[in-house]
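Participant: This structure is in structure tokens; I'll ask about it shortly.
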Amino acid sequence: MSNIERFGISLPKDLLEKFDKIILRKGYSCRSEAIRDLMRDNIIEHSIAENKEVVGTLTIIYNHHTRDLSDKLTDIQHCFHNQILATTHVHLDRHNCAEVIILKGKSGSVKQVADKLISAKGVKHGKLVMSTTKGG
């Protein structure tokens, strides 16, 4: 970080007090690090909205006894093999499984794959989290 820019910011006292409580609870060493993380997060959100290159993790929970669901999920993943980097399958109990699928590509196509998997009949819950290395 050889090119550091310093700037001032004016905030209402109560807003700053709330922010300081959060950064203390999260373990930040200073306000600057917390603000840098907030800025990076915002930049990443804009990259996602602009259909830029992202990496995503999709977690899905499903009952593996649902008829043909495992085969359907595998078929969907094979159709999108170019976007899927890795999959981890975990048996949670006698009936339920979790899969974590790592995806890479334009945010629109990553979301499309995730939506197809989440909307498969029998999937109980799914959540996609996207990020990028272009976050500042």
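Participant: Can you tell me which of Val113, Val100 is part of a helix (DSSP H, G or I) and of a type in the set (Val, Ile, Thr)?
Facilitator: Details: Val100 fails: part of a helix (DSSP H, G or I).
Exactly one of Val113, Val100 is part of a helix (DSSP H, G or I) and of a type in the set (Val, Ile, Thr), namely Val113.
Participant: Moving on to the next point. Going by what's in this entry, would Ile60 be described as touching a helix residue (DSSP H, G or I) at 6+ places or on another chain (Cβ under 8 Å) and modelled with pLDDT of 95 or more? Explain how you work it out, then say what you get.
Facilitator: On the way: touching a helix residue (DSSP H, G or I) at 6+ places or on another chain (Cβ under 8 Å): yes; modelled with pLDDT of 95 or more: yes.
Yes: the conditions hold for Ile60.
Participant: If you go through the range 75-83 one residue at a time, do you hit one that is without any contact (Cβ under 8 Å) to a residue 40 or more places away in the chain and among the hydrophobic types (A, V, I, L, M, F, W, C)? Quick ask: steps written out before the conclusion?
Facilitator: Pass one, the range 75-83, residues without any contact (Cβ under 8 Å) to a residue 40 or more places away in the chain: 75, 78-83.
So of that shortlist, the ones also among the hydrophobic types (A, V, I, L, M, F, W, C) come out as 79-80.
Within the range 75-83, one or more residues are without any contact (Cβ under 8 Å) to a residue 40 or more places away in the chain and among the hydrophobic types (A, V, I, L, M, F, W, C).
Participant: Inspect the range 33-42 for any residue being closer than 30 Å to Ile4 by Cα and among the β-branched types (Val, Ile, Thr) and give the result as yes or no.
Facilitator: Pass one, the range 33-42, residues closer than 30 Å to Ile4 by Cα: 33-42.
Within this subset, residues satisfying the condition of being among the β-branched types (Val, Ile, Thr) are 35.
Yes, there is a match, as at least one residue in the range 33-42 is closer than 30 Å to Ile4 by Cα and among the β-branched types (Val, Ile, Thr).
Participant: Looking at Asn42, Asn96, Asn51, which is the one that is more than 19 Å from the chain's Cα centre (by Cα) and not basic (Lys, Arg)? Working first, answer last.
Facilitator: Values: Asn42 fails: more than 19 Å from the chain's Cα centre (by Cα); Asn51 fails: more than 19 Å from the chain's Cα centre (by Cα).
On inspection, the qualifying residue turns out to be Asn96.
The values are calculated or read from the model by the stated rules, or taken from the named source; none is laboratory data. Being a predicted model, the structure only gives us computed values, none of them experimental. Neighbour counts are summed over all protein chains in view; Cβ atoms, including those assigned to glycine, are modelled from backbone coordinates with ideal geometry.
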